Every structure is written in structure tokens, then in C-alpha cells.
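The values are calculated or read from the model by the stated rules, or taken from the named source; none is laboratory data. Bear in mind the structure is a predicted one, so any value in this text is a computation, not a measurement. Only protein heavy atoms, including side chains, enter the accessible area calculation; ligands, DNA and RNA are left aside. Shrake-Rupley method; radii C 1.70, N 1.55, O 1.52, S 1.80 Å.
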Amino acid sequence: MKYDLVLLHPPSVYDFRTKSQIRGPISDVIPSSSIFDMYPIGLTSIAGFLEQFGYKVKIVNLAARMLRDREFDVEKKIRSLQSSAFGIDLHWLPHAQGSIEIAKLVKRYHPDIPVIFGGLSATYYHNELMGYSCVDFVMRGDSTEQPMLRLMDEIKTGGMNLSSVPSLTWKRSGEITVNPLSPPPANLDDVSIPDYRYAVRSVFKYRSLLDVVPYDGWLKYPSTALLTVRGCTQNCSLCGGSRSAYASNCERPKPAMRSPAKLIEDIEFIQRFSRTPIFVIGDIRQGGTEYVDEFLERLATFKPKNELVFELFWTAGDEFFSKIQHAVSKFSLEITLESADEGIRRENGKFSSPNHDVIRTIGSALANGCRKLDVFFMVGLPHQTRESALANIDFCEEIHKACGFDKRLFYFVAPLAPFLDPASRAFEDPEKFGVRRLATTLEEHICLLSGPTWEQVLNYETDKMNREQIVATMYASLEKLNDFKLKYGLITPDAHRKIAVETRAVTAWMERIRNAVRAGTRFENLPVFKEPTGSATRTQSELRWKVKRLYPHLLSFVSIGFMSLLDELRAIALRRQSRWKYAALQSINDPDGVLARAEPEPEPEPWGLTDN
Ligand code: B12
């Protein structure tokens, strides 16, 4: 089949299957692995949006396929894909190496086909990306659906007018042009995020389930998410998705919310194919009281079958939790505290209230029917000493005692890793925020990613800890957390022993490798250590919710099949009107017609498109 656009999700490090690397606990608190095999949810939004306009768009999660099948032939797969354009996400900076390596392969097998990069990190490094011959375009910004439609139109018509494509960074004869950014949409109702309807339809349409799975292992536990917002109201100093990071990187003046009505539509669709909890991304209180009330009232009428998992960015009380309890039959909570040290929290900006208020919030959630409450801490924060990091576990104990040893409480510790986020205030102004940046450019990060252990991959040190100390403190925290969990019966003695043994083994190997690196040993001669699988899995089971059934009844899938067919027929009908719709969209993107009036580019396409 010939596609118009193939969207490829790269692994973090391309040659991870042959490289011996201790990747450590860098992904312990997310559903995907340390290869970061989850693609940005926005890929489905781009694909679903473009398909409405008649384009055939396929997502291929290369990272997940490589993980699932160690023999999976990436080159053969790329060679076999026929498309008018390829898109590669560089949303998360940890994909820096993998994304460029995949782009090189695409160029090797399809030299005349344009390669488009996109995502938050691609936006940040758009100028530098233009220096790679395997990258033709960067589509910048946090909302690229409409600009991508413009670009695809140019590509498909052999169009020369690249200056008229909003948000595009492109090059011709070595000269880089940065088109103005399309104003970020003020609400998120024009597109589906994620577009699960597209994902499901594409399974039937392109006859491949494995290509589009969100991450490896998803079929065994099909967790889902709802994105309530693009942008953020909070300005955490360490976050590359903070208010100021979105302002500087994506020119987003304020967050855009997805309306409660649309969120309910999304939930309605999700419960047709999955029964696992739905993770509601972003604290819903960011939308204001009316937004919260409307969403919860709609939920109360709708009564979703799936459990909903809410995030809290700041403290809450009985009023909020009782509303949630009234609205849904089952709910859980995620709280990222990062530190038990109130000063550190205040400095970073998240949960900047006293510890007793944090405990009161947790108590109130439990009293109001919260089924599972996850509390996350972090190692590697500026101003955090080893003692302060270990005190996080003491705070876990304090919470646990204060909440009556409640078994619904789960505690996690993860490192700030592998990278301090570009565009975060701490990355941009390291001295002010107590960090020392060890890499700045994209190329420097690509080099770091090849480090033999996650210690050499870290792109920062803090005013209190160097990389070695961050790593040592992380493992010490894991051991202390492990002991705490055993003490209160939160894990079995068997699990405790396994974790303790593995942690000690990894620590010893990290030490050996560190010494060898210091002695100047070349990478290929470093001691080879097979990392125990436990590292990435030790908290995975605690991150999962126990559910009676993972999937709904067969009938539900049949109904999805019909819906997909209807969607496809509707899309075919709509395609006739697509020119008209398209003109309307253009006027939204470019109300003054500035871009549309730009001079057409006179030179021939560098990538020599042939299939108009
Ligand atoms: C939700 C979320 C997650 C979810 C993943 C959801 C998903 N599948 O997308 C979870 C919790 C799993 C997660 C995990 C991680 N995350 Co996260 N995450 C976020 C969060 C809170 C929201 C992201 C968001 O709003 N996306 C919406 C928009 C911006 O993106 P989108 O719709 O997916 O895509 C649009 C554009 O980005 C662009 N685009 C994206 N890709 C492409 C590709 C092409 C070709 C094109 C043209 C366009 C394009 O177009 C899309 C459509 O308009 C942000 C913080 C924040 N407030 O932004 C952090 C954030 C993005 N995550 C971050 C990080 C570091 C991670 C982890 C690496 C952390 C870790 N060590 O475990 C992992 C990586 C997981 C993986 N890949 O396997 C950093 C990224 C910083 C950076 N520049 O590298 C952020 C900014 C902040 C943070 N520290 O958490 N994350």
C-alpha cells in the first residue's frame, strides 16, 4: 500500500539490542520501558486529522516492534514502506539518538522522500536539526494538526510554496527558513487527543495491530489516557512542559483545555475497547471551578465503566474529592510530590504547601473513596542532598502512619533522568536554579545517550550532588523504600529479597564500569553486564490497577468495527468537501493572509517529489 504519510516512533537508542547499557531506573514510573517505546499521543491526532482530508496516514511504532521481537528487521520494514512523506517524533529528548538514526535509514532507502521532525524537543532544536542531511523539515509547536495539513498539501501537489506553511522550519540550498508559528489553538475541541478512533480504524484499514500499539506490552494491559490540556498553568522550574517552557518554545500564551463534553465522548469510545483505568492527564482544576463542575456533572450522568485516575498539582480537600466520588463509581489519584522537603518543593513550584497539608489532602482523598493513591518522589533535584533524598522515605512512613497504614497507598521513587528538560527554567538558567548543565546542544545529548550506564547519560549535576552521587543516592533510596515496604507489609518478603539482591548487583556493576571509564577503557572493552529485568519491572505491578476484565465483550469490538467503517465512509464523503473545509482552516491559521501571500519558491524541490 502507498501511504501519504508514515509516522515513525523511534527507540531512545537505535542499537539498544546490541549495545550493553545499564539504563537503570529511568523509566520505572511509566508504563513503557527504558527504550521509551511509547509514542506521543499527538501522532494519532495528526493521523486522524489528516485522514479526514483524504490522506492515508500510518503510524509505525518501531521502538515497540523492536522490543517485542529482537529479530525484527527495522531496515527491511523501512524499505518496505512506500510513502510520500515520513514523520519522526522527537518529542522527548531521550529519543535524540534513535530519531536521527531512523531518519538516516529512511533517507538511505527513500532518498527523495521528505523527512519531517516534530514534537517538543524537535521544536526546541529546530535550527540544529536542519544541520542533519537526513532531516528536511521541522514542524514546530504543540498543535501541529492544521499546519501538517498545509504541509501535506504542498508535498502532495509538488507545491513550491513552503513559505506559506505555518510553523515550518525548512531549508533550501543550505539556507534555513523559519516560518512564523501558527498561533496555538485556544481550545482543543477541533481534534481528538488522543484519536483512539483513528488508532482502532487503522488496525482494520492497514491490517496491522502491532505497528500502532502505543507501547510494547500494551495488549497485555491496555491502559489509556485522556489529554485535558495542552500547556500548563504551573511553572515548575524543572519541567520542560511548564507555563514558561510552553511560552518560549511553542509561543503558547496560556493552556488550552479540552471541553468536558469532548472528554466524555473520548471516555465513551475508550470504554468500548478497554476496561483498564483511564489516566486523566493534567489536573482538571487547571480549567477552573466551572470546568471541574461541568466535567464532574457530565461524568455523574454518564457513569463511566472504567476507573478514572486523576492528577493533583496542588492540595485538595473533602469538597473536591466528594464531588469526584459522587461523579464516578471508581477513582484513583496520582500525586507527584518530588520531595518531602518543603523548601525544595517551594523552589520547584509543585505542591508548595506544608507537609501537614499534603497529608491532609491524602487523608481526605482516602476518606472520600479513592481506590488507589500513588505518591511519587524524585532523586536528583537541585538543593537535594543524599540525606534529604533519603528523608523522602521517612515522609512515606509519616504519611503511612498518619493515614492508618492504608493499603491503598503506593509509594514510588524515581530519578530525574535521563535528562533535565530543555526549555525548563532550570535548563535555561542553570546557575540560578542550582544545576550544572553537562550538555546543551542536540548533538551533545546524542553523544550522552550512548553512555555505558545511566550515570554517564545524565545531562546535569546539581549544587549538592554530582552524577555519581545522584546514582548512588537513587539506589540507596530504592533500598530504603524497599525496606519500608517490607516493614509495613506492602510487598512480599520474596519481592523484597529480589529487589535487594538486584539493587546490590547493579550498584556493584555501576562501580566497576565507572572505574573502567575513568581508567580510559574504550566502550567496547567495558565489562558487559546483563541488567536484571527487575529494574524496569519492580514497580510496574504496583503501577497497575487490578481489574476484573481488561477488555469489554466481543460485541463491543464488533460495534467498533462498524463505527470504523462508518468513519471511513464519512471521511470519503467529506473528502469531496475537503477543499472548502481546508480554505476555512487556512483563514483560521492565517487570518491576515500573511503566509498565503508569501512568494512561491521558484526552485525545484530538493527531494524531487514525483507522485502528485
Ligand atoms: C502526558 C505526558 C506523558 C505521558 C505520555 C503521553 C503520550 N504518549 O504522549 C507519560 C506519563 C507516559 C510520559 C512519559 C514520559 N515523559 Co512526559 N509528559 C507528559 C506531559 C504531562 C504532557 C504532554 C502533552 O501535553 N502532550 C500534548 C502535546 C504537546 O503533544 P502531542 O499532542 O502528543 O503531540 C503534538 C505535538 O507535540 C507535535 N508532535 C509530537 N510528535 C510529533 C511528530 C511529528 C512528525 C510531528 C510533525 C509533530 C509531532 O504534534 C502533535 C499534534 O499536535 C508533559 C508535560 C507537559 N505539561 O507538557 C510531559 C513531558 C512531555 N514528558 C517528559 C518526559 C521527560 C517524559 C519521559 C522521558 C519521563 C521518563 N523518564 O520516564 C517519559 C517518556 C515516555 C516514552 N516515550 O516512552 C518531558 C519532555 C521534555 C523533553 N523535551 O524531553 C515533559 C515536557 C515534562 C516532563 N518532565 O514530564 N509523559
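Taken per residue, the accessible surface of the chain reaches 40 Å², heavy atoms only and a 1.4 Å probe. Principal-axis analysis of the Cα atoms of the chain puts helix 493-518 at an angle of about 70° to the longest axis.
The alpha-carbon of K323 sits under 18 angstrom from the alpha-carbons of these aspartates and glutamates, leaving out residues fewer than 8 places away in its chain: D283, E290, D293, E294, E297, E307, E311, E334.
Taking every protein chain into account, the 1.4 Å probe leaves K407 with about 130 Å² of accessible area, to the nearest ten. At 1.306 mPa s and 10 °C, plugging the Kirkwood radius over alpha-carbon pairs of the range 145-297 into Stokes-Einstein gives what diffusion coefficient in µm²/s? Once the numbers are plugged in, D ends up at 88 µm²/s.
Work out the P(r) tail for the range 264-367: percent of alpha carbon pairs separated by more than 24 Å, whole number. Percentage above 24 Å: 27. Averaging the Cα positions of each part gives two centres, and for the range 283-345 and the range 493-529 these lie 41 Å apart. Backbone phi angles across the range 321-334, fed through the Karplus curve with coefficients 6.51, -1.76 and 1.60 (θ = phi - 60°), yield HN-Hα couplings of 5, 5, 5, 5, 4, 5, 7, 10, 6, 9, 8, 10, 9, 10 Hz in residue order; Gly and Pro are listed as x.
Step through the table entries K401/K432; K432/K498; K58/K262; K76/K262; K104/K546; K2/K104, compare each Cα-Cα distance with 31 Å, and write down the pairs that go over it.
Cα-Cα > 31 Å for K401/K432; K432/K498; K76/K262; K104/K546; rest within.
Taking only protein heavy atoms and a 1.4 Å probe, the accessible area of the chain is 54% carbon and sulfur.
With a 1.4 Å probe rolled over the protein heavy atoms of all chains, the accessible area of H126, H95 falls in the order H126, H95, largest first. Within the full protein context, the accessible area of R522 is estimated at about 150 Å² for a probe radius of 1.4 Å.
Beyond 19 Å, the tail of the calculated P(r) for the range 1-118 holds 45 percent of the Cα pairs.
In terms of accessible area, using a 1.4 Å probe and ignoring ligands and nucleic acids, V138, V517 rank largest first as V517, V138. Computed from backbone phi with θ = phi - 60° and the Karplus coefficients 6.51, -1.76 and 1.60, the 3J(HN,Hα) list for the range 407-423 is 6, 7, 8, 10, 10, 9, 10, 9, x, 6, 7, x, 10, 6, 5, x, 6 Hz; x is used for glycine and proline.
P(r) tail for the chain, what percent of Cα pairs lie past 37 Å? Within the chain, distances greater than 37 Å cover 34 percent of Cα pairs.
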